[in-house]
1. HN-Hα J couplings of the range 306-317 from phi, Karplus 6.51/-1.76/1.60, θ = phi - 60°, integer Hz, Gly and Pro as x?
2. Please list 3J(HN,Hα) in residue order for the range 343-359, calculated via the Karplus relation 6.51 cos²θ - 1.76 cosθ + 1.60 where θ = phi - 60°; whole Hz, with x for glycine and proline.
3. Which is farthest toward the positive dipole end of the chain among Val203, Pro399, Gln538, measuring Cα position about the Cα centre, with Cβ charges +1 (Lys, Arg) and -1 (Asp, Glu)?
4. Would you please put 91-97, 258-264, 110-116 in order of how densely packed they are, using the mean number of other Cβ atoms within 10 angstrom per residue and starting with the highest?
5. Taking R0 as 30 Å, what's the FRET efficiency between Asp310 and Ser194 from their Cβ-Cβ distance, rounded to 0.05?
6. Using amide H atoms built in the peptide plane, which far-off residues or other-chain residues are under 5 Å from Arg405 H to H?
7. What number, rounded to the nearest 500 deg cm²/dmol, is the helix-based mean residue ellipticity at 222 nm of the chain, given -39500 (n - 2.57) per DSSP H run of at least four residues and division by all its residues?
8. Please list, ordered by chain and number, the residues whose modelled amide H lies under 5 Å from the amide H of Gly421; skip anything fewer than 5 residues away on the same chain.
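No lab work stands behind these numbers, since they all come straight from the coordinates. Remember, predicted model here, so these are calculated numbers, not experimental data. Cβ sites come from the backbone with ideal geometry, for glycine too, and all protein chains shown count toward neighbours.
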Amino acid sequence: MIPVPPRIQLLAKPNTPVGVILMGLLILTVTAISPLPSALATTLPDVVGTRYEQAVDFLSGLEKDGRAVITGDYFGRFRPLDQITRSEALALLVRATGNQFRADEEEGPTSFTDVDRHHWATGYINFAQAVGWAQGTGGGAFDPDQPLTYQQWVAMLVRALGYEEEALALGGWPRGYEIIAYQLGLTEGVDYISKAPALRGEVALMAYNAVARCVPAEGENPLAVAVFGVSQADLVPPIQPETTISLRVNRAIVGIGETALFTASISNPSGRLLHDARVVWSAQNGVINDRGEYAPVVAGPDTITASYGDAVASKEIRVYGEPYQLTLAGADSVVANGATAYQVTVAVADVYNTPVPRPGVEVQLLHEVNNGAIDLKHRRSRSQAKTGQSGQATLVIIPSTVGDRTDTLKVIDVSGVLAPGVLSVSSTMQTASGVELSAVPKRIAVNAPATSTISATVVDQVGVPMLEGMYELSFTMEGVGTWDDGTTDDLSVWVQCADSPETTQVVRSIVAEQGLLRVTVSSDGLNPGTVTVECYVQRGGN
């Protein structure tokens, strides 16, 4: 048995073998999240009534450096069942650890070949890379807009909490990180499927566990207390007032001829587990024995019930039948900027729309109705693929530059065996949202006058440069330094986006005056942008 690392001994279940720990990562646990202080509740409408509601409410109520840990999208939605991208997850991680300001300072070009300097997440990527929380995917790439897997998210959280040394001691990637995550309780209540793309709601549950329930390796309190000032009393889970049952299953979807294993944990009113309790099992459609081994009989959803005295718990499992059709899901609304890559997911399904793990199905995305919303011929689009082991494939669509249009996309089985799936996608007009700034270089010497170029770009609601419109930008300077002409007065510049959404100004250091030079660019109705340049004394040959 691998020993539990001393720094997290108190967080681990006593005498838990590694095999049991790893199995625990593959089962779905129904666990209530502690009630939240009402002052923190900031409900996003599409999580109300879901098991993600309390975690999302809690995180959306935590704010530092002017940014909440979780915010809604342009339409005020959280989209808990959508896949989360690598860059979105990094942004959540950086905010959840109270490092938004440091990420703001890191905005600009990255070392990765596939991250454009105008990408909205450059600051998060640069900061996370600098502190060792995230790495590239190989070949100089980062894949910022590709789905994040549960394994990758676990590794990021373990590193950010300071337990990477323990993870490496247990074998490193991915097993060591998963063991530590389980012992820390990061995966408690999470539908954890190691290599699968992570859903936004499940990522939020794990972030909640990390912020509200875990103590960092070098800390004394959870981040919610140490960073965001939440009262420790608000983080204490309530004692269950009665005997309760929580159910877990080793797979959420099962096929006829296969089996699934259900396990039940029974707790008395004080929260203590009853290890010798005998559970009575029943299945609505299939067969389940007294050991919790379930065998489906017919395709479709089935409900498994466990009872112990007056305590009863139920869990639904999906039973798939023969492959019948393709389903298409993902972005149903896109911004008409001709640049943002949106993902859509193709899945093999049975007649009940239950996913079927059928690999190797060659699929192709076509227009059923083409009104000009989506450009399937764009060089960055991906309209053909083969399904993986899960029976799913991810395709990429690029919007056109025409708004207020709706296309109907159709995905077909190239072999013609499976029925096609369809998805309606609407394009919305670009709306100027803010000004993004970068400084090159971000440090200039004061031994002699040196310069840095400040670039200001007007961007839309998803962080892509605007294609049209004219905007008056106001440049304001604070700190040590001047504009290139030696003045420090505010500047006003008009930007015609049809020509270029970007404009530049040059700042200059003052000899012998070291410190910070901060430039802010604003425009009526847009979120301002700020960038900081460090003026330093260059010593020796450095």
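1. 10, 9, 8, x, 8, 7, 9, 9, 10, 9, 8, 10
2. Here the 3J(HN,Hα) series is 9, 10, 10, 9, 9, 7, 9, 8, 5, 8, 6, 7, x, 10, x, 10, x Hz.
3. Val203
4. Working: 91-97: 24.7, 258-264: 18.0, 110-116: 16.3.
Going by the mean number of other Cβ atoms within 10 Å, highest first, we get 91-97, 258-264, 110-116.
5. Working: r = 36 Å, r/R0 = 1.21.
E between Asp310 and Ser194, to the nearest 0.05, is 0.25.
6. Ser427
7. Working: 10 runs with 82 residues, N = 542.
Rounded to the nearest 500, the figure is -4000 deg cm²/dmol.
8. Residues meeting the amide H criterion: Leu326, Val411.
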